[in-house]
Structure formats: C-alpha cells, structure tokens
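As structure tokens, the structure follows; a few thoughts come after it.
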Amino acid sequence: RAVFSLENGKQHAELVYSVLPRNAYLDKPFPAGTLGVDAPLHDDKWVAMLKKANIHWVINKHYGRWYIVEPQQGDLVTFDAEMKRGQRLGMSIVMQTLNPDWGRQEWLKPFYPQPGRKTWDAESYKKFCQLFESLHFRLASHYKPWIKYWEIENEPNAGGFPLGSYPGMLEAAYK
C-alpha cells in the first residue's frame, strides 16, 4: 500500500493505491473472508466490483431497519431480489435489525419509554420484547434461504435504549 498526499493551498487530497490478489471466490461465498462493507445489493455490477476487491461480506442496515420492514404493524416489507442477487454473486450477508428513535413507527412508540424517562415500565417493556421477538421470527423465517448471520441492533450502548434493556432484546431476538 502506498499513500501519497498533495497539498494545494488549503485543499488536501489523498490518493491510496493498493494491489489486491485476485479473488479466487468471485462467484461463490467465502465465509472465511475477512473483508466486509456496509453496502446495498441492488446492482449486479456493484456487487461484482465488491467481490473483485476481495469483499465477501455485506451488511446493509436498510434491509433490517424495523421502521422500513414493518412500517405498519403486521405488514412485512422484504428485499428478496437483493438477497437472491447477493447469493447468486457469492456474497455472505449479515442482516442488521435496528430501529433508531428518529425513524420509529407511530404504532410502536407507545411501547418505548416516554421521552425523558431512563427506564421502561415493566408492561411496556414486556410488550416491546414480544413485538421484537415477532419481528425477528418473521424475518428469520422469511430470509432463512439467504441469511445465516444477524446483528441485533447497532451500538446499543450509544444511548438509544435504557440501560439494562439490551439483554432482554437479545433474548427476544434469539427466541
């Protein structure tokens, strides 16, 4: 790897040049591969380019965001074409489920702590975990042909959930 830096007044540009070995797994999965990227699977050429760069794993938060996949309670939105493309092109896919507070659905808001509260009331948390379990059961059942690896939430310690609530969410998703 060679890194070149150029200074031009206040602007700074950096060029990175690297040589990668040819990917022996261009059209098949390589779960032992160590490179992954957060990228969409919407285009054959894009995914093929990733494989040429020895990227074998893809995670895309869009395919698992709760507010996207269940905008109305009970209505599951899926991304089968993208999963089929990833499989056909030999990509290992990680599904990441999360529901950032800025995207939270109206129907789900009553089951979260009220703004300013640092704890969930027991009944709301129980109902939330039931809904969370249901979501994961439906997603895992639907995506079983394509998805083997799951990440439950993203940075749960970043303040999106009350302290101590994440273990129950993991248990609900696991079930």
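The values are calculated or read from the model by the stated rules, or taken from the named source; none is laboratory data. Remember, predicted model here, so these are calculated numbers, not experimental data. Reconstructed Cβ throughout: ideal geometry from the backbone, glycine too, with neighbour counts over all protein chains shown. Areas reflect the complete protein model, heavy atoms only, side chains present, ligands, DNA and RNA absent. Shrake-Rupley method; radii C 1.70, N 1.55, O 1.52, S 1.80 Å.
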* Out of the range 87-127, which residues are free of Cβ contacts under 8 Å to residues at least 40 places away in the same chain and in a helix (DSSP H, G or I)? -> 88, 102, 103, 109, 110, 111, 122, 123, 124, 126, 127
* What residue, of 87, 73, 114, 96, is under 18 Å from the mean Cα position of the chain (by Cα) and within 30 Å of residue 130 (Cα to Cα)? -> 96
* Pairs where the first residue, in the range 72-83, is under 17 Å from residue 109 (Cβ atoms) and open to solvent by less than 50 Å² (accessible area, probe 1.4 Å) and the second is among the β-branched types (Val, Ile, Thr) and not in a helix (DSSP H, G or I), C-beta under 9 Å, 6+ apart -> none
* To do: For residue 140, state whether it is crowded, with 17+ Cβ neighbours inside 10 Å, under 15 Å from the mean Cα position of the chain (by Cα), among the small types (Gly, Ala, Ser) and not in a loop (DSSP other than H, G, I, E, B).
  => no
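Taking residue 12 as the residue in question, decide whether it is open to solvent by 90 Å² or more (accessible area, probe 1.4 Å), closer than 18 Å to residue 96 by Cβ and at pLDDT below 90.
So residue 12 fails the test.
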